[in-house]
1. Just for the Cα atoms in segment 1-114, what are the lengths along the principal axes, largest first, rounded to whole Å?
2. Given the -39500 (n - 2.57) contribution per DSSP H run of 4+ residues, what per-residue ellipticity at 222 nm results for the chain, rounded to the nearest 500 deg cm²/dmol?
3. Calculate, for residue 12 and residue 113, the FRET efficiency according to 1/(1 + (r/R0)^6) with r their C-beta to C-beta distance and R0 41 Å; round to the nearest 0.05.
4. Between residue 140 and residue 36, what is 0.36 nm times their sequence separation minus the Cα-Cα distance? Round to one decimal in nm.
5. Using the alpha-carbon centroid of each, what span in Å lies between segment 155-198 and segment 35-53?
6. Would you mind putting 102-114, 51-63 in packing order, based on average other-beta-carbon counts within 10 Å, highest first?
7. Can you find, among 98, 70, 32, the residue sitting farthest towards the positive end of the charge dipole of the chain, where Lys and Arg contribute +1 and Asp and Glu -1 at Cβ?
8. Using Cβ contacts closer than 10 Å as the measure, can you line up 82, 117 from fewest to most?
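Bear in mind these aren't lab numbers, they're just calculated from the coordinates by the rules spelled out. This one's a predicted model, so the numbers in the text were calculated from it and none came from an experiment. Glycine gets a Cβ as well: all are built from the backbone with ideal geometry, and neighbour counts include every protein chain shown.
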Amino acid sequence: MRAGRPEEIRADSGTWVIIDIGFSNSARSCGLLLEDGSPVEMQFGEAVDEISKYLLSVAEGPVNLLIEAPLSVAFDLRGNPKGRSVERQNGSTRYWYVGLGCGVMVAAMYLIKALMKAQPNADVRLFEGFVSYKQAGKKRTHCDDIALLREVVNNPDRYSDAIVAGDSLKIDPTDTLNSAFLVAGVDLGIPPIIMRNG
């Protein structure tokens, strides 16, 4: 398992698994799309099981796993958490370490832990989805967010401005950028981000 690269964001670079991840005991907090199927909403545990089974069924790969959650983190010179470049827009912020961002990052950590434990044979490449700055008053579902991300995968040339390379996520050159999973002793690299506004 490793961070994907921007040039690998295209429909024919492998099979695609896209999850709009959430963490809840009762709600269907996740949306999941396997390959070219239709996205389905389900609980977190169901989504983890479905992705694990899918990865174990793939003989070779690669499998591109796109998770709508922070997969990298930034810190300033003093070691304090800091936003990444994509998390500021028009005076608004959606920093990885605040509120919902932190919650879905923890969910992604538990997903990755389960997938690593399953030990799939296929090569798995990670990509981060970032669907934020949603229009006020417009209700979006997990499946809607998956559709926005899938549009970029299907047509990366049209949506080239939605693809942000991992090495351009620092706000200041002195910031430190790490894999979000490094806190658990696993360095999966800095995936590129597919950023869409809802």
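1. Projected onto the principal axes, the Cα atoms of segment 1-114 cover 45, 38, 27 Å.
2. On the way: 3 runs with 46 residues, N = 198.
It comes out at -7500 deg cm²/dmol, rounded to the nearest 500.
3. Working: r = 30 Å, r/R0 = 0.72.
My answer for the efficiency is 0.85.
4. Here the segment from residue 140 to residue 36 would lengthen by 35.4 nm.
5. Segment 155-198 and segment 35-53 have Cα centres spaced 24 Å from each other.
6. Numbers: 102-114: 18.2, 51-63: 15.8.
In decreasing order of mean packing, 102-114, 51-63 become 102-114, 51-63.
7. About the Cα centre, the residue reaching furthest to the positive side is 98.
8. Values: 82 22, 117 8.
Ranked by crowding around the Cβ, least crowded first: 117, 82.
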